[in-house]
Amino acid sequence: GDNPPLATFDSNAKAKFVEPVTGTVYFLSAADNKIYSLDTNTSSNTVFTWRSKKFIHNRPTTYAALQLHADYVYMAANPGTYLTVNLYAEGQGVLTINMTGDEPVRIPNVTRSYYWEIEVTGNVPVRRVTIATSVDELEMA
């Protein structure tokens, strides 16, 4: 199966374990010596922020399409869940998109840049982020 994604959290732990089949994270608290699991209560998933590496291009580039593969069924069934994508060009925020489904989203021509980064924030499990200069290119990814 899939390897669970890299996760960080701000709790002091003596030990951590990721169950490989389910991806559930367990940790031994340094504060009280009790074992806890991360996100066992799916009605209040931990809010995360993930930011990509800096994508560097030879010439100024404009992206035209984005697709975020996530658990939108879970999102629809749980009020208060959300996924937001922020695009950065030259380190400056240029666009924020609130995601609601797996279908590709067209990106307006906001700027041309040599350097791009993608940031995803939310509390819904995400499997993949794809960005492209056209919808056709996105479908080939």
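The helix-only estimate of mean residue ellipticity at 222 nm for the chain, built from DSSP H runs of length n ≥ 4 each weighted as -39500 (n - 2.57), is -2000 deg cm²/dmol after division by the residue total.
Among Asp32, Asp102, Asp71, the residue with the largest mean-square fluctuation in a Gaussian network model of the chain, with springs joining Cα atoms closer than 10 Å, is Asp32. Charges were assigned to the Cβ only: +1 to each Lys and Arg, -1 to each Asp and Glu. The resulting dipole of the chain about its Cα centre is roughly 380 debye.
Rolling a 1.4 Å probe over the heavy atoms of the protein chains gives the chain an accessible area of 65 Å² per residue. Rolling a 1.4 angstrom probe over the chain with all protein chains present gives an accessible area of which 51% lies on carbon and sulfur atoms. Taking 28 Å as the straight-line reach from the Cα of Lys34, the lysines in range (excluding those fewer than 8 positions away in the same chain) are Lys14, Lys16. Relative to the current alpha-carbon distance between Leu95 and Thr130, full extension at 0.36 nm per residue lengthens the span by 11.0 nm. Stretching the chain fully between Ala30 and Ala13 yields a gain of 5.6 nm (0.36 nm per residue, less the alpha carbon separation).
When peptides 114-127, 79-92, 16-29, 46-59 are ranked by their average number of other Cβ atoms within 10 Å per residue, the highest-first order is 114-127, 79-92, 16-29, 46-59.
The values are calculated or read from the model by the stated rules, or taken from the named source; none is laboratory data. All of these numbers come straight from a predicted model, not from anything done at the bench. So basically every Cβ, Gly included, is an ideal-geometry build from the backbone, and we count neighbours across all protein chains shown. Keep in mind that these areas ignore ligands, DNA and RNA; they rest on the heavy atoms of the full protein, side chains included. Shrake-Rupley method; radii C 1.70, N 1.55, O 1.52, S 1.80 Å.
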